[in-house]
1. From the list Glu257, Glu312, Glu275, Glu333, which residue is under 26 Å from Phe122 (Cβ atoms) and either touching a strand residue (DSSP E or B) at 6+ places or on another chain (Cβ under 7 Å) or outside any loop (DSSP other than H, G, I, E, B) (or both)?
2. I need the full set of residues from segment 107-123 which are among the polar types (S, T, N, Q) and either farther than 24 Å from Ile195 by Cβ or more than 10 Å from the ligand (Cβ to nearest atom) (or both), in order please.
3. Select, from Ala329, Ala305, the only residue that is within 14 Å of Asp233 (Cβ to Cβ) and modelled with pLDDT of 95 or more.
4. Condition check: farther than 19 Å from Arg60 by Cβ and of a type in the set (Val, Ile, Thr). Does Thr138 satisfy that?
5. Quick one: in segment 151-170, of everything that is touching a strand residue (DSSP E or B) at 6+ places or on another chain (Cβ under 6 Å) and of a type in the set (A, V, I, L, M, F, W, C), which residue is surrounded by the most Cβ atoms within 10 Å (Cβ to Cβ)?
6. In the set Val104, Val91, which member is more than 10 Å from the ligand (Cβ to nearest atom) and within 21 Å of Ile195 (Cβ to Cβ)?
7. Just checking, how many residues over segment 139-161 are in contact (Cβ under 8 Å) with a residue 60 or more places away in the chain and over 20 Å from Asn259 (Cα atoms)?
8. Give the residue, chosen from Glu170, Glu214, that is within 22 Å of Ala247 (Cβ to Cβ), away from the ligand (no atom under 11 Å from the Cβ) and among the acidic types (Asp, Glu).
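The values are calculated or read from the model by the stated rules, or taken from the named source; none is laboratory data. Everything quoted here is computed from the prediction, not taken from an experiment. Counting neighbours? That spans all protein chains shown, and the Cβs are built from the backbone with ideal geometry, glycine included.
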Amino acid sequence: MKILVTGGLGFIGSHTVVELQNEGFEVVVVDNLSNSSINVLEGIEAITGKRPIFEEFDLRDKPKVQDFFQKHDDIAGVIHFAASKAVGESVEEPLLYYENNLGVLVYVLQELKKKGDASFIFSSSCTVYGQADEMPITEAAPVKPAESPYGNTKQVGEEIIRDTCKVNPELKAISLRYFNPIGAHPSGKIGELPIGVPQNLVPFITQTGVGLREQLSVFGDDYPTEDGTCVRDYIHVVDLAKAHVAALQRLLENKNEGNYEVFNLGTGTGSSVLEVIQSFERVSGEKLNYKIVGRRPGDVIQAYADTKKANEILGWKAKSSLDDAMKSAWEWEKIVRS
Ligand SMILES: NC(=O)c1ccc[n+]([C@@H]2O[C@H](COP(=O)([O-])OP(=O)(O)OC[C@H]3O[C@@H](n4cnc5c(N)ncnc54)[C@H](O)[C@@H]3O)[C@@H](O)[C@H]2O)c1
């Protein structure tokens, strides 16, 4: 079966292409390389022995999206990763985020609607929960007002899909709310390649570890958590990628209940910033240069997933520990810098 993976050369997309190809799917990747490199194709080929079909274009170009779906009229499903994801940049450039994250979503859904029967997986985020009232966070937790235009694109994106599914019963969709994806493929052939200063904790740690950054700032140690630093649910990107295959298979096999569903993807375990640093020091044998600074506006205190729904309904469970994921991130960082 032919599956379109938008943003398939990016961090999570590339790992998902690997898992899809391992399961025998034929994959077509569309990516404009705005936040990825063409070399990722080689990494995917080295791991799976197969190069996915690749089309380089910007999905904001609606006529090109239409031409693409005409050319590949046998696409059975779409996993939609392509989006801009820098929270700070989204505050500076909201329209860029609304255009890229929502405009493109609309164009792709318009094409799927024309096809009728189609399966669609959307990259959402635990950011939709804001500071949830209860831990762990279930899918029933209320969606809180977004802290940034980026976060808002995930909330509105989910609403666009829900509304579209309501009136297009043949269309089947799942939104996957990721917690904090980290790590790299154990082969060392693909991983996260942040352009510029990393926005996320783990790439910042590994870049500090190799000496690319001088020091890690830990934003706040006076939060009401065990050690005072913020708590998140770090999930190995390979586990996350496998969840996409499970979700897609559920739709392709018509096992879904209703034509729009939502799942949390996390490990169910919360780790504090200091625990993540300790994990790095354990797996690398290096001391990390870090300092505690003031709180950063917009950070929630803690967020970790209740994974029961995904475990039971998708039949999927995250397998890797924080140390496993950290080790793979560290190995990858050393390969990238060598
Ligand atoms: N990484 C995270 O922590 C995280 C957490 C929650 C949700 N998400 C979501 O998951 C998805 C994938 O995230 P990622 O970390 O792999 O990001 P990424 O930036 O590594 O991958 C996104 C890919 O999409 C491509 N792209 C962006 N806009 C495009 C366009 N208009 N046309 C064609 N290609 C385009 C980029 O070049 C890149 O290869 C995104 O939707 C992101 O918002 C990520």
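1. Glu312
2. Within segment 107-123, Gln110, Ser119 qualify.
3. Within the list Ala329, Ala305, the selection yields Ala305.
4. yes
5. Ile161
6. Val91
7. Residues meeting the conditions: 5.
8. One residue alone meets the criteria, Glu170.
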